[in-house]
1. Scan the range 98-118 residue by residue and report those that are more than 6 Å from the ligand (Cβ to nearest atom) and of a type outside the set (Ser, Thr, Tyr).
2. All but one of (1) under 19 Å from Glu65 (Cβ atoms); (2) outside any loop (DSSP other than H, G, I, E, B); (3) touching a residue at least 40 places away in the same chain (Cβ under 8 Å) hold for Asn136; which doesn't?
3. Of everything in the range 126-151, what is within 12 Å of the ligand (Cβ to nearest atom), among the polar types (S, T, N, Q) and out of contact with any Ser or Thr (no Cβ under 9 Å at 6 or more places or on another chain)? Give them in sequence order.
4. When the range 69-122 is examined, which residues are found to be more than 14 Å from the chain's Cα centre (by Cα) and charged (D, E, K, R)?
Amino acid sequence: MAMTIHPAPLNSGRHVIMTTQSARPLGRLAAAAAFSLFAVSGALADSAGVTFSSGNNFTEKTGEELYANVCAACHMSEGQGAVGAGHYPALAKNANLESSGYPIYVLLNGLKGMPPVGKMMDDDQIAAVVNYVRTNFGNDYKDAVTAADVAGTR
Ligand code: HEC
């Protein structure tokens, strides 16, 4: 499966890293947008070429689909992680997932080399993918998180 996710359209400013240029008058917008896009690719250079799917938000609904289309690019299809251009920790048998609030926090805020991909998901999607990784890949944490837990962390 191709893991390249297309860059957000230039006009979806929400996910374009804002630069001082983007605050300038409209005449400068095109240049600012181009620059911002460059900034985004630069910021994600360490991220296996992943940028974000079209539109502002991921459209996948189930944890399995979200994992496959968003997380697996970096954490690999079986959650085994990878070491190469960067270090992508294994989510398989990961004791850090025991605390359900931790993966929610990481998705919403990012963590060093990991972009805050949860900002492009709604509360249900984050809960679904968190529950998915916490109950797959050798993880067996049965205390499912809810959309309300996510809302409380945002
Ligand atoms: C662009 C690459 C990338 C994507 C996409 C990505 N991650 Fe990450 N993730 C990382 C990196 C890199 C780290 C390690 C950050 C650090 O500690 O330096 C990480 C760390 C984590 C951690 C913390 C692991 C630990 O042991 O502390 C969790 C949990 C996590 N990711 C879950 C997810 C989930 C769930 C998704 C999909 C919704 C996802 N990640 C998508 C790159 C990515």
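Bear in mind these aren't lab numbers, they're just calculated from the coordinates by the rules spelled out. None of the values given here were measured: they were computed from a predicted structure. All Cβ positions, glycine included, derive from the backbone under ideal geometry; neighbour counts span all protein chains shown.
1. Glu98, Gly101, Ile104, Leu108, Asn109, Gly110, Pro116, Gly118
2. It fails just one condition, (2).
3. Asn136, Asn139, listed by residue number.
4. Selection gives Glu78, Lys93, Glu98.
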